[in-house]
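Data block below; observations after.
The values are calculated or read from the model by the stated rules, or taken from the named source; none is laboratory data. Everything quoted here is computed from the prediction, not taken from an experiment. In this analysis, Cβ positions are derived from the backbone assuming ideal geometry, glycine residues included, and neighbour counts consider all displayed protein chains.
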Amino acid sequence: MLKRTLLIITAIGLLLSFGCNSRKEDTDEKEITGKGAIYIETAKVIKKDIYSYIEYAGQLEAVKIVDVVPNISAVIETILVKEGDFVKEDELLAVLDSTQFKQAKLQFENLKKTYERMEELKNKGSLEQSKFDEVETGYKTAKTGFEFLQKHTNVRAPISGIISYISVKENETFSPAAPTALGKPCLFRLINLDKMKANINISDKDITAIKVGQKVIVETDSNPEEEFFGKISFVSPQADRMAGTFLCEIEVNNKEHLLKHFQFARIKILTDVSANTLVIPQNALVNSDIVFVIENDIAQERTVTTGIQNEYEIEILSGISENEIVAIKGNIGLKDNLPVQSIK
């Protein structure tokens, strides 16, 4: 009986000790976490431009692409450029086999001398008109042939741009009738990256918000901090019969050539713009019109009026001021006048 009583007393003592230790640990934990303060992350209220937009994916293409196709079959004597080179308009790209050109040049020069001599005799009345006409016809034919070969023997760039493709190597034969890897005859392909375009398919629900001249922003993964501004250049008046979407073309300036041919991009069609306005992150807003402003580590509930918004940000028309600090994480379930601790 005595042993049983001692066991009961010992058990009660252990339980009391455990409870005291637990209360002490709870107290210590509150002291560590800032005496019951709620951990939050914050952001500053700033002024900036904000856009609401409809986002689509698209593939960029250079607006100006030119294939250089000489009109004669010839062996390529010299190629002066390589793929990736930037060339200026009228820059010499290649020289074709000049044998035929040299023959035409010699024939032209000889006939030119004959023509000039016959013209002088005709003017003196020493040559019949019919004889002169015969010489003149031969001279003009030779001149046309010479100028044609002169133009196509020296292959020049028709535009400024980047050499994106060369179909043959030196000492190989080029034929204007032979298809290449591009699916058609081409000695050089030139791409000018100054202006890019993309075709996107607009859904039926968005088409009423789209019009020619509307501003767009183009973004790419390769330049995540850059925004490229352009506009809508074409909107189809009819939907695709099968897909039910509307073809839309956008154009964007690309003077620095940061955008590339066939590059994938995010295309944001701007539907509304507000300049130099108060903006906060979307996740600062609670229940559509509540924001918690942090002052002296105390959360203060504010009711705000909102304006335009996008996926990441929202415009604030009233309720808070520039440079105030708002909670953006830990604010769900937060109450007015509760102590908080900001995580840096």
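From (1) touching a residue at least 60 places away in the same chain (Cβ under 8 Å); (2) over 30 Å from Val218 (Cα atoms); (3) surrounded by 13 or more Cβ atoms within 10 Å (Cβ to Cβ), pick out the condition that doesn't hold for Glu172. Every listed condition holds for Glu172 apart from (3). Does Ile308 fit the bill of being surrounded by 15 or more Cβ atoms within 10 Å (Cβ to Cβ) and out of contact with any Phe, Trp or Tyr (no Cβ under 8 Å at 6 or more places or on another chain)? No. Among the residues of the stretch 252-272, those that are under 20 Å from Ile207 (Cβ atoms) and either of a type in the set (Phe, Trp, Tyr) or over 10 Å from the mean Cα position of the chain (by Cα) (or both) comprise Lys268, Ile269, Leu270, Thr271, Asp272. If you go through the stretch 29-41 and keep only what is more than 15 Å from Ala299 (Cβ to Cβ) and either at pLDDT 95 or above or not in a loop (DSSP other than H, G, I, E, B) (or both), you end up with Glu29, Lys30, Glu31, Ile32. Sort through Leu93, Leu111, Leu127, Leu149 and tell me the only one that's in contact with a helix residue (DSSP H, G or I) (Cβ under 7 Å, 6 or more places away or on another chain) and not in a helix (DSSP H, G or I). Among Leu93, Leu111, Leu127, Leu149, only Leu127 is in contact with a helix residue (DSSP H, G or I) (Cβ under 7 Å, 6 or more places away or on another chain) and not in a helix (DSSP H, G or I). The single condition among (1) assigned by TED's automatic domain parsing to the domain that holds Asn199; (2) in contact with a strand residue (DSSP E or B) (Cβ under 6 Å, 6 or more places away or on another chain) that Ala327 does not satisfy is (1). If you check Lys44, Lys64, Lys88, which single one turns out to be within 33 Å of the chain's Cα centre (by Cα), closer than 30 Å to Leu278 by Cα and either modelled with pLDDT of 90 or more or in the same structural domain as Glu251 (by TED's automatic domain parsing) (or both)? Only one candidate qualifies: Lys44.
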